[in-house]
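Asks: Handing you this structure, nothing more for now.
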Amino acid sequence: MRRSDVVAAEAVSLLNGAMAALRDIWEEIGIPEEMRLERIETVKRHIKEILDLMVAEEERLKQRLLKSIALSRKEIDTLCVELQLEPYEAEEENSILQMEKNLRSRMDVLLKQKTDRMRELKTLIEQDQDLCDLLCTTPFCIDSNVVPSLDDLDRYRRHLASLNSEKEQRQEEFVSSKRQIILLMEELDHTPDTSFEREVVCEDEEAFCLSRDNIAALQVLLKQLEAQRSQNEAVCEELRSRIIALWERLQVPAEERETSAVHLAGSRAKTRKALQLEVENLEELKLQNMKAVIQAIRAELAGYWDKCFYSQEQREGFTPYYDEDYTEALLELHEAEVGKMKSYYEAHKDLFEAVQKWEENWKLFLELERKATDPSRFTNRGGNLLKEEKQRAKLQKVLSKLQEELESRVQAWEQDHEGTFLVKGQQFMAYVSEQWQLYHLEKEKEKQERQLKRSRQIEAEMMYGSTPRTPMKRRLLGISTPGKVRKHNVSSISSATPNSTVRSGFGGTIYHSPVSRLPPSGGKLGQASTPNHVAAKNPRSRLKEQNKENVFQLNGTTLSARTFKGFQ
(Lines give C-alpha, C1' and ligand atoms only; values in the text may rest on other atoms or scores of the structure.)
Protein backbone atom coordinates (compact mmCIF):
# COMPACT_ATOMS: atom_id res chain seq x y z
CA MET A 1 0.00 0.00 0.00
CA ARG A 2 1.23 3.44 -0.87
CA ARG A 3 1.89 6.01 1.83
CA SER A 4 -0.76 8.28 0.39
CA ASP A 5 -3.36 5.56 0.92
CA VAL A 6 -2.23 5.16 4.53
CA VAL A 7 -2.36 8.92 5.09
CA ALA A 8 -5.86 8.99 3.54
CA ALA A 9 -6.99 6.17 5.84
CA GLU A 10 -5.58 8.10 8.80
CA ALA A 11 -7.51 11.22 7.68
CA VAL A 12 -10.72 9.20 7.46
CA SER A 13 -9.99 7.73 10.89
CA LEU A 14 -9.39 11.20 12.31
CA LEU A 15 -12.66 12.37 10.74
CA ASN A 16 -14.49 9.41 12.22
CA GLY A 17 -12.87 10.06 15.60
CA ALA A 18 -13.83 13.70 15.47
CA MET A 19 -17.43 12.85 14.60
CA ALA A 20 -17.53 10.32 17.44
CA ALA A 21 -16.18 12.94 19.84
CA LEU A 22 -18.81 15.41 18.66
CA ARG A 23 -21.58 12.87 19.13
CA ASP A 24 -20.35 12.15 22.71
CA ILE A 25 -20.27 15.84 23.55
CA TRP A 26 -23.64 16.36 22.09
CA GLU A 27 -24.93 13.35 24.08
CA GLU A 28 -23.55 14.71 27.34
CA ILE A 29 -24.95 18.12 26.65
CA GLY A 30 -28.27 16.68 25.71
CA ILE A 31 -28.65 18.33 22.41
CA PRO A 32 -31.79 17.11 20.76
CA GLU A 33 -31.53 14.95 17.58
CA GLU A 34 -32.78 17.72 15.33
CA MET A 35 -30.00 20.02 16.51
CA ARG A 36 -27.52 17.22 16.24
CA LEU A 37 -28.50 16.78 12.59
CA GLU A 38 -28.08 20.50 11.99
CA ARG A 39 -24.69 20.46 13.61
CA ILE A 40 -23.62 17.37 11.65
CA GLU A 41 -24.83 19.10 8.44
CA THR A 42 -22.74 22.10 9.39
CA VAL A 43 -19.68 19.89 9.98
CA LYS A 44 -20.37 18.14 6.70
CA ARG A 45 -20.71 21.44 4.88
CA HIS A 46 -17.44 22.75 6.36
CA ILE A 47 -15.63 19.53 5.49
CA LYS A 48 -17.10 19.51 2.00
CA GLU A 49 -16.13 23.14 1.39
CA ILE A 50 -12.62 22.47 2.52
CA LEU A 51 -12.36 19.33 0.43
CA ASP A 52 -13.94 21.01 -2.57
CA LEU A 53 -11.53 23.88 -2.19
CA MET A 54 -8.62 21.48 -2.03
CA VAL A 55 -9.88 19.47 -4.99
CA ALA A 56 -10.43 22.61 -7.02
CA GLU A 57 -6.96 23.84 -6.18
CA GLU A 58 -5.42 20.55 -7.19
CA GLU A 59 -7.50 20.51 -10.32
CA ARG A 60 -6.16 23.94 -11.19
CA LEU A 61 -2.66 22.64 -10.60
CA LYS A 62 -3.34 19.78 -12.98
CA GLN A 63 -4.63 22.17 -15.59
CA ARG A 64 -1.61 24.38 -15.20
CA LEU A 65 0.64 21.37 -15.64
CA LEU A 66 -1.24 20.25 -18.71
CA LYS A 67 -1.08 23.73 -20.12
CA SER A 68 2.63 23.92 -19.37
CA ILE A 69 3.10 20.58 -21.08
CA ALA A 70 1.28 21.80 -24.14
CA LEU A 71 3.26 25.01 -24.25
CA SER A 72 6.50 23.17 -23.70
CA ARG A 73 5.68 20.74 -26.46
CA LYS A 74 4.95 23.57 -28.80
CA GLU A 75 8.11 25.47 -27.85
CA ILE A 76 10.19 22.33 -28.15
CA ASP A 77 8.81 21.65 -31.60
CA THR A 78 9.60 25.19 -32.64
CA LEU A 79 13.12 24.97 -31.26
CA CYS A 80 13.69 21.64 -32.98
CA VAL A 81 12.67 23.22 -36.25
CA GLU A 82 14.91 26.25 -35.69
CA LEU A 83 17.82 24.13 -34.57
CA GLN A 84 17.16 21.66 -37.37
CA LEU A 85 16.88 18.75 -34.93
CA GLU A 86 14.70 15.72 -34.91
CA PRO A 87 11.25 16.24 -33.25
CA TYR A 88 11.27 15.48 -29.52
CA GLU A 89 9.04 12.61 -28.39
CA ALA A 90 8.13 12.61 -24.66
CA GLU A 91 7.42 9.39 -22.73
CA GLU A 92 3.62 9.10 -22.48
CA GLU A 93 3.61 6.61 -19.58
CA ASN A 94 5.10 9.21 -17.23
CA SER A 95 2.91 11.24 -14.92
CA ILE A 96 1.79 14.72 -15.80
CA LEU A 97 4.17 16.28 -13.35
CA GLN A 98 7.17 14.25 -14.59
CA MET A 99 6.25 14.90 -18.18
CA GLU A 100 6.06 18.61 -17.51
CA LYS A 101 9.39 18.52 -15.77
CA ASN A 102 11.04 16.58 -18.60
CA LEU A 103 9.60 18.84 -21.23
CA ARG A 104 10.71 21.91 -19.35
CA SER A 105 14.25 20.55 -18.97
CA ARG A 106 14.43 19.67 -22.66
CA MET A 107 13.15 23.10 -23.56
CA ASP A 108 15.82 24.72 -21.40
CA VAL A 109 18.51 22.70 -23.20
CA LEU A 110 17.20 23.68 -26.60
CA LEU A 111 16.93 27.31 -25.59
CA LYS A 112 20.55 27.25 -24.43
CA GLN A 113 21.64 25.72 -27.74
CA LYS A 114 19.76 28.40 -29.60
CA THR A 115 21.31 31.13 -27.49
CA ASP A 116 24.82 29.71 -27.96
CA ARG A 117 24.41 29.39 -31.71
CA MET A 118 23.06 32.88 -32.07
CA ARG A 119 25.87 34.26 -29.93
CA GLU A 120 28.51 32.39 -32.01
CA LEU A 121 26.79 33.52 -35.20
CA LYS A 122 27.00 37.11 -34.06
CA THR A 123 30.71 36.74 -33.27
CA LEU A 124 31.41 35.11 -36.61
CA ILE A 125 29.52 37.83 -38.44
CA GLU A 126 31.58 40.50 -36.70
CA GLN A 127 34.85 38.72 -37.60
CA ASP A 128 33.65 38.23 -41.16
CA GLN A 129 32.83 41.89 -41.49
CA ASP A 130 36.29 42.94 -40.27
CA LEU A 131 38.02 40.57 -42.68
CA CYS A 132 35.79 41.64 -45.54
CA ASP A 133 36.57 45.27 -44.86
CA LEU A 134 40.30 44.47 -44.85
CA LEU A 135 40.30 42.16 -47.85
CA CYS A 136 37.50 43.95 -49.71
CA THR A 137 35.55 40.73 -50.19
CA THR A 138 31.85 39.84 -49.98
CA PRO A 139 30.56 38.72 -46.53
CA PHE A 140 29.50 35.15 -45.98
CA CYS A 141 25.94 34.55 -47.08
CA ILE A 142 23.93 33.73 -43.93
CA ASP A 143 20.77 35.08 -42.25
CA SER A 144 21.64 36.66 -38.94
CA ASN A 145 18.01 36.35 -37.73
CA VAL A 146 17.76 32.60 -38.22
CA VAL A 147 19.29 30.07 -35.87
CA PRO A 148 22.16 28.50 -37.86
CA SER A 149 22.63 24.78 -38.04
CA LEU A 150 25.78 23.10 -36.86
CA ASP A 151 26.80 22.57 -40.49
CA ASP A 152 26.24 26.26 -41.21
CA LEU A 153 28.41 27.26 -38.29
CA ASP A 154 31.10 24.80 -39.33
CA ARG A 155 31.13 26.14 -42.89
CA TYR A 156 31.24 29.69 -41.54
CA ARG A 157 34.20 28.87 -39.30
CA ARG A 158 36.08 27.26 -42.19
CA HIS A 159 35.29 30.28 -44.37
CA LEU A 160 36.74 32.61 -41.75
CA ALA A 161 39.79 30.38 -41.36
CA SER A 162 40.31 30.63 -45.11
CA LEU A 163 39.94 34.40 -44.95
CA ASN A 164 42.44 34.59 -42.10
CA SER A 165 44.89 32.50 -44.08
CA GLU A 166 44.35 34.72 -47.11
CA LYS A 167 44.84 37.76 -44.93
CA GLU A 168 48.15 36.45 -43.55
CA GLN A 169 49.33 35.55 -47.04
CA ARG A 170 48.41 38.94 -48.46
CA GLN A 171 49.87 40.69 -45.43
CA GLU A 172 53.14 38.83 -45.86
CA GLU A 173 53.14 39.55 -49.58
CA PHE A 174 52.39 43.20 -48.92
CA VAL A 175 55.16 43.56 -46.34
CA SER A 176 57.69 41.83 -48.59
CA SER A 177 56.70 43.84 -51.64
CA LYS A 178 56.70 47.05 -49.64
CA ARG A 179 60.28 46.46 -48.51
CA GLN A 180 61.39 45.76 -52.07
CA ILE A 181 59.55 48.81 -53.37
CA ILE A 182 61.17 51.05 -50.75
CA LEU A 183 64.64 49.69 -51.61
CA LEU A 184 64.01 50.11 -55.34
CA MET A 185 62.74 53.66 -54.87
CA GLU A 186 65.83 54.51 -52.85
CA GLU A 187 68.08 52.92 -55.48
CA LEU A 188 66.30 54.73 -58.30
CA ASP A 189 66.02 57.99 -56.35
CA HIS A 190 62.28 57.81 -56.96
CA THR A 191 59.85 59.80 -54.83
CA PRO A 192 56.27 58.47 -54.39
CA ASP A 193 54.18 60.70 -56.61
CA THR A 194 50.79 58.92 -56.69
CA SER A 195 48.27 58.36 -53.93
CA PHE A 196 48.72 54.61 -54.20
CA GLU A 197 52.52 54.86 -53.94
CA ARG A 198 52.20 57.14 -50.90
CA GLU A 199 49.68 54.74 -49.36
CA VAL A 200 52.09 51.84 -49.85
CA VAL A 201 55.25 53.57 -48.67
CA CYS A 202 54.09 56.14 -46.13
CA GLU A 203 50.94 54.74 -44.47
CA ASP A 204 50.78 52.20 -41.64
CA GLU A 205 50.86 48.57 -42.76
CA GLU A 206 47.70 47.72 -40.83
CA ALA A 207 45.75 50.47 -42.60
CA PHE A 208 46.47 49.17 -46.09
CA CYS A 209 43.54 47.47 -47.79
CA LEU A 210 44.63 43.99 -48.78
CA SER A 211 42.21 43.66 -51.67
CA ARG A 212 43.06 41.64 -54.74
CA ASP A 213 43.14 44.80 -56.80
CA ASN A 214 45.55 46.47 -54.40
CA ILE A 215 47.82 43.41 -54.27
CA ALA A 216 47.75 43.24 -58.08
CA ALA A 217 48.52 46.96 -58.30
CA LEU A 218 51.32 46.41 -55.78
CA GLN A 219 52.86 43.73 -57.99
CA VAL A 220 52.50 45.96 -61.03
CA LEU A 221 54.30 48.77 -59.21
CA LEU A 222 57.04 46.36 -58.09
CA LYS A 223 57.52 45.04 -61.63
CA GLN A 224 57.63 48.58 -63.01
CA LEU A 225 60.35 49.53 -60.54
CA GLU A 226 62.26 46.31 -61.26
CA ALA A 227 61.98 46.94 -64.98
CA GLN A 228 63.23 50.48 -64.46
CA ARG A 229 66.12 49.15 -62.38
CA SER A 230 66.92 46.52 -65.03
CA GLN A 231 66.80 49.22 -67.66
CA ASN A 232 69.15 51.37 -65.58
CA GLU A 233 71.45 48.39 -65.05
CA ALA A 234 71.46 47.66 -68.77
CA VAL A 235 72.16 51.31 -69.56
CA CYS A 236 74.93 51.46 -66.96
CA GLU A 237 76.42 48.21 -68.21
CA GLU A 238 76.26 49.50 -71.76
CA LEU A 239 77.93 52.71 -70.64
CA ARG A 240 80.65 50.73 -68.84
CA SER A 241 81.23 48.58 -71.92
CA ARG A 242 81.33 51.72 -74.05
CA ILE A 243 83.86 53.28 -71.70
CA ILE A 244 86.09 50.20 -71.76
CA ALA A 245 85.87 50.02 -75.56
CA LEU A 246 86.79 53.70 -75.82
CA TRP A 247 89.68 53.12 -73.40
CA GLU A 248 91.03 50.41 -75.65
CA ARG A 249 90.62 52.44 -78.79
CA LEU A 250 92.07 55.57 -77.26
CA GLN A 251 94.74 53.58 -75.37
CA VAL A 252 93.99 55.39 -72.13
CA PRO A 253 96.72 54.76 -69.49
CA ALA A 254 95.90 52.48 -66.56
CA GLU A 255 96.44 55.33 -64.07
CA GLU A 256 93.60 57.32 -65.61
CA ARG A 257 91.34 54.28 -65.74
CA GLU A 258 91.66 53.70 -61.99
CA THR A 259 89.96 57.01 -61.19
CA SER A 260 87.13 56.53 -63.67
CA ALA A 261 83.44 56.34 -62.79
CA VAL A 262 83.28 52.91 -64.39
CA HIS A 263 84.32 51.43 -61.04
CA LEU A 264 81.21 52.79 -59.31
CA ALA A 265 78.91 49.92 -58.35
CA GLY A 266 75.13 49.81 -58.78
CA SER A 267 72.84 51.61 -61.16
CA ARG A 268 71.66 54.63 -59.20
CA ALA A 269 70.81 57.82 -61.01
CA LYS A 270 74.02 59.52 -59.89
CA THR A 271 76.06 56.53 -61.06
CA ARG A 272 74.33 56.63 -64.42
CA LYS A 273 74.99 60.35 -64.71
CA ALA A 274 78.66 59.87 -63.83
CA LEU A 275 79.04 57.09 -66.42
CA GLN A 276 77.25 59.18 -69.04
CA LEU A 277 79.58 62.08 -68.33
CA GLU A 278 82.58 59.76 -68.65
CA VAL A 279 81.32 58.50 -72.03
CA GLU A 280 80.78 62.05 -73.26
CA ASN A 281 84.33 63.01 -72.25
CA LEU A 282 85.76 59.95 -74.00
CA GLU A 283 83.64 60.60 -77.09
CA GLU A 284 85.02 64.11 -77.24
CA LEU A 285 88.54 62.73 -76.85
CA LYS A 286 87.75 60.21 -79.58
CA LEU A 287 86.86 62.99 -81.99
CA GLN A 288 90.19 64.60 -81.22
CA ASN A 289 92.02 61.31 -81.96
CA MET A 290 89.93 60.10 -84.88
CA LYS A 291 92.71 58.38 -86.85
CA ALA A 292 93.99 56.33 -83.95
CA VAL A 293 90.45 55.34 -82.99
CA ILE A 294 89.57 54.23 -86.52
CA GLN A 295 92.79 52.24 -86.77
CA ALA A 296 92.00 50.55 -83.45
CA ILE A 297 88.47 49.71 -84.54
CA ARG A 298 89.84 48.37 -87.82
CA ALA A 299 92.07 46.03 -85.84
CA GLU A 300 89.03 44.88 -83.91
CA LEU A 301 87.10 44.41 -87.14
CA ALA A 302 89.94 42.38 -88.63
CA GLY A 303 89.85 40.19 -85.52
CA TYR A 304 86.15 39.46 -86.07
CA TRP A 305 86.82 38.78 -89.76
CA ASP A 306 89.43 36.24 -88.73
CA LYS A 307 87.06 34.66 -86.23
CA CYS A 308 84.31 34.44 -88.86
CA PHE A 309 86.75 33.10 -91.51
CA TYR A 310 86.08 35.92 -93.95
CA SER A 311 87.82 35.69 -97.29
CA GLN A 312 89.82 38.55 -98.79
CA GLU A 313 87.01 39.21 -101.24
CA GLN A 314 84.48 39.47 -98.40
CA ARG A 315 86.76 41.83 -96.51
CA GLU A 316 87.23 44.01 -99.56
CA GLY A 317 83.46 44.27 -99.77
CA PHE A 318 83.64 46.72 -96.85
CA THR A 319 85.24 49.53 -98.78
CA PRO A 320 85.40 52.08 -95.91
CA TYR A 321 88.11 49.86 -94.40
CA TYR A 322 90.51 51.20 -97.04
CA ASP A 323 89.42 54.83 -96.83
CA GLU A 324 92.13 57.19 -95.56
CA ASP A 325 89.83 60.15 -94.92
CA TYR A 326 89.39 59.81 -91.14
CA THR A 327 86.05 61.43 -90.37
CA GLU A 328 83.27 60.85 -87.88
CA ALA A 329 81.09 59.37 -90.63
CA LEU A 330 83.85 56.85 -91.41
CA LEU A 331 84.05 55.98 -87.72
CA GLU A 332 80.29 55.40 -87.58
CA LEU A 333 80.49 53.06 -90.57
CA HIS A 334 83.27 51.09 -88.87
CA GLU A 335 81.36 50.93 -85.58
CA ALA A 336 78.26 49.70 -87.38
CA GLU A 337 80.29 47.05 -89.19
CA VAL A 338 81.94 45.92 -85.94
CA GLY A 339 78.52 45.69 -84.29
CA LYS A 340 77.21 43.62 -87.20
CA MET A 341 80.21 41.29 -87.18
CA LYS A 342 80.08 40.95 -83.41
CA SER A 343 76.39 40.00 -83.51
CA TYR A 344 77.04 37.58 -86.36
CA TYR A 345 79.90 35.96 -84.50
CA GLU A 346 78.02 35.71 -81.19
CA ALA A 347 74.96 34.23 -82.92
CA HIS A 348 77.04 31.42 -84.48
CA LYS A 349 79.89 31.29 -81.98
CA ASP A 350 79.67 27.53 -81.37
CA LEU A 351 79.94 26.76 -85.08
CA PHE A 352 82.87 29.13 -85.62
CA GLU A 353 84.69 27.69 -82.62
CA ALA A 354 84.20 24.19 -84.05
CA VAL A 355 85.65 25.32 -87.39
CA GLN A 356 88.53 26.96 -85.53
CA LYS A 357 89.17 23.69 -83.72
CA TRP A 358 89.29 21.89 -87.07
CA GLU A 359 91.71 24.53 -88.39
CA GLU A 360 94.03 24.14 -85.40
CA ASN A 361 94.06 20.35 -85.72
CA TRP A 362 94.64 20.67 -89.47
CA LYS A 363 97.65 22.94 -88.94
CA LEU A 364 99.03 20.52 -86.35
CA PHE A 365 98.50 17.67 -88.82
CA LEU A 366 100.41 19.57 -91.52
CA GLU A 367 103.21 20.31 -89.07
CA LEU A 368 103.53 16.62 -88.23
CA GLU A 369 103.51 15.79 -91.93
CA ARG A 370 106.30 18.31 -92.46
CA LYS A 371 108.33 16.74 -89.68
CA ALA A 372 107.76 13.31 -91.23
CA THR A 373 109.64 14.42 -94.36
CA ASP A 374 112.56 15.88 -92.42
CA PRO A 375 115.57 13.46 -92.65
CA SER A 376 117.05 14.86 -89.44
CA ARG A 377 114.29 13.26 -87.39
CA PHE A 378 116.06 9.87 -87.74
CA THR A 379 118.89 11.17 -85.56
CA ASN A 380 116.50 11.96 -82.66
CA ARG A 381 116.53 9.98 -79.50
CA GLY A 382 113.86 9.19 -76.87
CA GLY A 383 111.18 7.60 -79.08
CA ASN A 384 110.09 10.82 -80.77
CA LEU A 385 109.34 9.01 -84.03
CA LEU A 386 106.90 6.68 -82.32
CA LYS A 387 105.27 9.57 -80.50
CA GLU A 388 104.87 11.52 -83.74
CA GLU A 389 103.37 8.51 -85.52
CA LYS A 390 100.85 8.00 -82.71
CA GLN A 391 100.00 11.69 -82.64
CA ARG A 392 99.56 11.76 -86.44
CA ALA A 393 97.25 8.71 -86.34
CA LYS A 394 95.24 10.29 -83.55
CA LEU A 395 94.98 13.57 -85.43
CA GLN A 396 93.70 11.81 -88.54
CA LYS A 397 90.87 10.29 -86.48
CA VAL A 398 90.10 13.60 -84.78
CA LEU A 399 90.03 15.44 -88.11
CA SER A 400 87.73 12.84 -89.61
CA LYS A 401 85.37 13.01 -86.64
CA LEU A 402 85.38 16.82 -86.60
CA GLN A 403 84.76 16.92 -90.33
CA GLU A 404 81.72 14.64 -90.02
CA GLU A 405 80.30 16.61 -87.10
CA LEU A 406 80.84 19.93 -88.82
CA GLU A 407 79.29 18.66 -92.04
CA SER A 408 76.06 17.73 -90.24
CA ARG A 409 76.03 20.95 -88.21
CA VAL A 410 76.66 23.10 -91.27
CA GLN A 411 73.88 21.34 -93.16
CA ALA A 412 71.49 21.96 -90.25
CA TRP A 413 72.60 25.60 -90.09
CA GLU A 414 72.04 26.09 -93.82
CA GLN A 415 68.57 24.54 -93.59
CA ASP A 416 67.63 26.74 -90.65
CA HIS A 417 68.99 29.96 -92.17
CA GLU A 418 68.27 29.11 -95.81
CA GLY A 419 71.74 30.22 -96.83
CA THR A 420 75.30 29.02 -97.32
CA PHE A 421 77.77 28.87 -94.44
CA LEU A 422 80.99 30.30 -95.85
CA VAL A 423 84.52 29.68 -94.64
CA LYS A 424 87.00 32.00 -96.33
CA GLY A 425 84.52 32.65 -99.11
CA GLN A 426 83.71 28.97 -99.79
CA GLN A 427 81.15 26.45 -98.71
CA PHE A 428 82.64 24.63 -95.76
CA MET A 429 82.94 21.18 -97.34
CA ALA A 430 84.40 22.74 -100.49
CA TYR A 431 86.93 24.55 -98.29
CA VAL A 432 87.85 21.27 -96.55
CA SER A 433 88.14 19.47 -99.88
CA GLU A 434 90.38 22.25 -101.18
CA GLN A 435 92.65 21.94 -98.15
CA TRP A 436 93.00 18.22 -98.69
CA GLN A 437 93.61 18.79 -102.41
CA LEU A 438 96.33 21.34 -101.66
CA TYR A 439 97.84 18.91 -99.19
CA HIS A 440 97.97 16.13 -101.79
CA LEU A 441 99.35 18.54 -104.42
CA GLU A 442 102.09 19.59 -102.01
CA LYS A 443 102.92 15.95 -101.32
CA GLU A 444 103.13 15.28 -105.06
CA LYS A 445 105.30 18.36 -105.52
CA GLU A 446 107.64 17.22 -102.77
CA LYS A 447 107.83 13.79 -104.37
CA GLN A 448 108.72 15.30 -107.73
CA GLU A 449 111.33 17.53 -106.10
CA ARG A 450 112.88 14.53 -104.38
CA GLN A 451 113.01 12.65 -107.67
CA LEU A 452 114.57 15.68 -109.37
CA LYS A 453 117.15 16.05 -106.61
CA ARG A 454 117.90 12.35 -106.80
CA SER A 455 118.48 12.48 -110.56
CA ARG A 456 120.69 15.56 -110.17
CA GLN A 457 122.61 13.88 -107.38
CA ILE A 458 123.19 10.77 -109.54
CA GLU A 459 124.46 12.97 -112.35
CA ALA A 460 126.73 14.80 -109.96
CA GLU A 461 128.07 11.54 -108.56
CA MET A 462 128.67 10.21 -112.05
CA MET A 463 130.57 13.37 -112.85
CA TYR A 464 132.31 14.23 -109.56
CA GLY A 465 132.25 11.06 -107.54
CA SER A 466 130.09 9.45 -104.87
CA THR A 467 129.05 11.06 -101.61
CA PRO A 468 130.95 9.63 -98.64
CA ARG A 469 128.87 7.33 -96.48
CA THR A 470 131.16 7.48 -93.46
CA PRO A 471 131.00 10.36 -91.02
CA MET A 472 133.35 13.27 -91.51
CA LYS A 473 135.32 12.56 -88.38
CA ARG A 474 136.22 9.07 -89.70
CA ARG A 475 137.20 10.33 -93.15
CA LEU A 476 139.50 13.00 -91.78
CA LEU A 477 141.51 10.63 -89.53
CA GLY A 478 145.02 9.43 -90.37
CA ILE A 479 148.04 10.55 -92.46
CA SER A 480 147.91 10.82 -96.22
CA THR A 481 150.67 9.34 -98.35
CA PRO A 482 150.78 11.52 -101.46
CA GLY A 483 153.08 9.35 -103.50
CA LYS A 484 150.97 6.26 -103.65
CA VAL A 485 147.76 8.16 -103.97
CA ARG A 486 148.96 9.78 -107.15
CA LYS A 487 149.42 6.43 -108.78
CA HIS A 488 145.82 5.38 -108.28
CA ASN A 489 144.10 8.74 -108.62
CA VAL A 490 145.43 10.11 -111.83
CA SER A 491 142.07 10.05 -113.50
CA SER A 492 140.41 11.56 -110.46
CA ILE A 493 142.88 14.40 -110.34
CA SER A 494 142.30 15.16 -113.96
CA SER A 495 138.55 15.26 -113.65
CA ALA A 496 138.05 17.13 -110.38
CA THR A 497 139.61 20.00 -108.52
CA PRO A 498 141.45 18.72 -105.43
CA ASN A 499 139.50 18.98 -102.18
CA SER A 500 136.53 20.56 -104.00
CA THR A 501 132.96 20.18 -102.69
CA VAL A 502 129.51 19.90 -104.32
CA ARG A 503 126.20 20.94 -102.76
CA SER A 504 123.74 18.05 -102.29
CA GLY A 505 120.01 18.03 -102.86
CA PHE A 506 119.48 18.45 -99.14
CA GLY A 507 121.50 21.65 -99.00
CA GLY A 508 124.46 19.96 -97.26
CA THR A 509 128.01 19.45 -98.52
CA ILE A 510 129.17 16.36 -100.46
CA TYR A 511 132.89 15.70 -99.93
CA HIS A 512 134.78 14.04 -102.79
CA SER A 513 137.60 11.58 -102.31
CA PRO A 514 140.64 13.35 -100.93
CA VAL A 515 143.56 13.90 -103.37
CA SER A 516 147.10 13.86 -102.08
CA ARG A 517 149.51 16.61 -102.92
CA LEU A 518 153.25 16.80 -102.84
CA PRO A 519 154.76 18.73 -100.03
CA PRO A 520 155.80 22.23 -101.00
CA SER A 521 159.48 21.49 -100.40
CA GLY A 522 159.40 18.13 -102.18
CA GLY A 523 160.91 16.45 -99.09
CA LYS A 524 159.47 13.82 -96.81
CA LEU A 525 155.82 13.64 -96.16
CA GLY A 526 154.91 15.18 -92.85
CA GLN A 527 152.11 14.10 -90.58
CA ALA A 528 149.00 16.25 -91.08
CA SER A 529 146.53 16.89 -88.27
CA THR A 530 142.81 16.50 -89.00
CA PRO A 531 139.98 18.60 -87.51
CA ASN A 532 138.52 17.41 -84.18
CA HIS A 533 140.73 14.24 -84.20
CA VAL A 534 144.43 13.56 -83.57
CA ALA A 535 144.40 9.79 -84.05
CA ALA A 536 146.62 8.51 -86.93
CA LYS A 537 146.27 5.52 -89.26
CA ASN A 538 148.85 3.38 -90.98
CA PRO A 539 149.81 5.03 -94.29
CA ARG A 540 149.21 1.90 -96.24
CA SER A 541 145.73 1.34 -94.83
CA ARG A 542 144.98 4.97 -95.50
CA LEU A 543 145.93 4.60 -99.16
CA LYS A 544 143.89 1.47 -99.52
CA GLU A 545 140.76 3.23 -98.28
CA GLN A 546 141.37 6.10 -100.67
CA ASN A 547 141.91 3.76 -103.60
CA LYS A 548 138.73 1.89 -102.87
CA GLU A 549 136.84 5.15 -102.70
CA ASN A 550 138.20 6.25 -106.05
CA VAL A 551 137.21 2.97 -107.60
CA PHE A 552 133.66 3.52 -106.37
CA GLN A 553 133.70 6.93 -108.03
CA LEU A 554 134.81 5.51 -111.32
CA ASN A 555 132.23 2.74 -111.18
CA GLY A 556 129.42 5.26 -110.63
CA THR A 557 128.37 3.87 -107.21
CA THR A 558 125.38 5.86 -105.86
CA LEU A 559 125.41 5.23 -102.14
CA SER A 560 124.00 8.65 -101.33
CA ALA A 561 121.09 8.06 -103.71
CA ARG A 562 120.18 4.86 -101.96
CA THR A 563 120.46 6.62 -98.62
CA PHE A 564 118.14 9.41 -99.81
CA LYS A 565 115.69 6.80 -101.05
CA GLY A 566 115.56 5.41 -97.57
CA PHE A 567 114.16 8.76 -96.31
CA GLN A 568 111.24 8.64 -98.66
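The values are calculated or read from the model by the stated rules, or taken from the named source; none is laboratory data. Since this is a predicted model, take the numbers as computed values, not measurements. Every residue, glycine among them, receives a Cβ derived from its backbone with ideal geometry; neighbour counts consider all protein chains shown. Surface accessibility is based on the protein's heavy atoms, side chains included, excluding ligands, DNA and RNA. Shrake-Rupley method; radii C 1.70, N 1.55, O 1.52, S 1.80 Å.
Asks: If the chain between Val146 and Ala412 were fully stretched, how many nm would it gain, using 0.36 nm times the residue separation less the Cα-Cα distance?
Replies: Value of the extension gain: 88.2 nm.
Asks: Further question on the same structure: For a quick check of understanding: with a 1.4 angstrom probe and all protein chains in place, what accessible area in square angstrom does Glu459 have, to the nearest ten?
Replies: Accessible area of Glu459: about 120 Å².
Asks: Where only protein heavy atoms count, and the probe is 1.4 Å, what is the accessible area per residue for region 84-216 in Å²?
Replies: Heavy-atom SASA per residue in region 84-216 reads 64 Å².
Asks: Where the centre of each part is set by its Cα atoms, how far does region 343-358 sit from region 276-312, in angstrom?
Replies: 22 Å
Asks: Kirkwood Rh over alpha-carbon pairs of region 180-339, then Stokes-Einstein at 37 °C and 0.692 mPa s: what D in µm² s⁻¹, rounded to an integer?
Replies: D = 171 µm²/s.
Asks: What is the packing order of peptides 338-344, 302-308, 434-440, taking the mean over residues of other C-beta atoms within 10 Å and listing the highest first?
Replies: Packing proxy ranking, top to bottom: 302-308, 338-344, 434-440.
Asks: Could you work out how far the C-alpha centroid of region 166-244 sits from that of region 35-73, in angstrom?
Replies: Here the two parts' Cα centres lie 91 Å apart.
Asks: What does the net charge come to around Ala216 if you take all other residues with beta carbon closer than 13 Å to its beta carbon, with K and R at +1 and D and E at -1?
Replies: So the surrounding residues net to +1.
Asks: Let me see the P(r) profile for region 1-159: every Cα-Cα distance counted, bins of 10 Å, each bin given as a percent of all pairs.
Replies: Per 10 Å bin, starting at 0, the Cα pair percentages come out as 9, 20, 17, 14, 11, 10, 8, 6, 4, 1, 0.
Asks: Can you give the FRET efficiency for Glu10 and Glu86, using 1/(1 + (r/R0)^6), R0 = 45 Å, r = Cβ-Cβ distance, to the nearest 0.05?
Replies: Plugging the Cβ-Cβ distance into 1/(1 + (r/R0)^6) gives 0.40.
Asks: Now a separate question. What does the C-alpha gyration tensor say about the overall shape of region 75-116? Classify as rounded when a/c is under 1.5, otherwise prolate if a/b is larger than b/c, or oblate.
Replies: In terms of gyration-tensor shape, oblate.
Asks: Another question about this same structure. With all distinct Cα pairs included, what does the Kirkwood hydrodynamic radius of region 66-148 come out to in Å, to one decimal, could you say?
Replies: Every distinct Cα pair counted, the radius reaches 14.7 Å.
Asks: Using C-alpha positions alone, give me the convex hull volume of region 1-62 per residue in cubic angstrom.
Replies: Considering the Cα atoms of region 1-62, their hull volume per residue is 78 Å³.
Asks: How are the C-alpha pair distances of region 202-288 spread across 10 Å bins, as whole percents from the shortest bin up?
Replies: 16, 34, 19, 14, 11, 6, 0
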